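The values are calculated or read from the model by the stated rules, or taken from the named source; none is laboratory data. The shown structure was predicted, so the numbers you read here are calculated from the model rather than taken from an experiment. Here the Cβ is made from the backbone with ideal geometry for all residues, glycine too, and neighbour counts use every protein chain on show. With ligands, DNA and RNA removed, areas are computed over all heavy atoms of the protein, side chains included. Shrake-Rupley method; radii C 1.70, N 1.55, O 1.52, S 1.80 Å.
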Amino acid sequence: GAFTTPSSGDTTSGDNLFAPVNCSGTTNTGFGNELLFNYTAAATGQLHIEAAPNGADIVLYARALCAGDATGDTMLDCADDPQDGAATEIIDIGVLQDQTVTIFVDSWQPCNEGPYALTSTFTPAICGDGLPTLPETCDDSNVLAGDGCSDSCQVELDFYCNNAIPLAHALTAFLMAV
C-alpha cells in the first residue's frame, strides 16, 4: 500500500475541502478538516483500517474515487461511532489487485480536530481456502462453480433460485350458493 502504518496525524493540519458524508444514513458528519491517504492494493483482499483518536472526534471513511460523490458505489465504507472523541473508528473494505482507494480521516466538526493514530492490515483473499475474505462473498473450500459459490468465490444466486423449495397448493372446492 501507499501509506505506512502505524501512522499518526492531526486533523488540525488538514484541509476542509470535501463535503460532509453520511455514515449512518441519518446524520451528516465530517464538517471539519480532513487528511487523505491513498492505498494501492498489491493483491485482491481485505483492507482493515483503524483510526484511534487522542481527544479528537474523527470520522474514518474510504472512497473508490477520491473526488467522487461520497454516495453510492464511490463510498466503500464509513465509520463514525459515538461522537465523544474516544471511539476508535474501524472500516473493512474489499480491494482488487492494483486498485487505489482513498482513506479519509476527517473531523466531525471544526472544533473537534486533533491527533489520531492510524493502523491498517491487509489480508489477501485466497479463493478456496474456506475463509471468506472481502471482496469474496463466499468461500466453500473449493473452486467449483455451480454449487452456490462460484470459482471466483462469489455467491451464485441462480443456484439458490433454481433450488428453491417448491410451494404447492391444495385444491379447494368452492360451492356457490344459487
- Task: All but one of (1) surrounded by 19 or more Cβ atoms within 10 Å (Cβ to Cβ); (2) out of contact with any Asp or Glu (no Cβ under 6 Å at 6 or more places or on another chain); (3) farther than 11 Å from Leu47 by Cα; (4) not aromatic (Phe, Trp, Tyr) hold for Ser120, so report the exception by its number.
- Result: (3)
- Does any residue of the range 84-95 turn out to be exposed (fewer than 15 other Cβ atoms within 10 Å of the Cβ) and more than 13 Å from the chain's Cα centre (by Cα)? yes
- Note on the structure: Gly9 fails exactly one of (1) out of contact with any Asp or Glu (no Cβ under 7 Å at 6 or more places or on another chain); (2) open to solvent by 40 Å² or more (accessible area, probe 1.4 Å), namely (2)
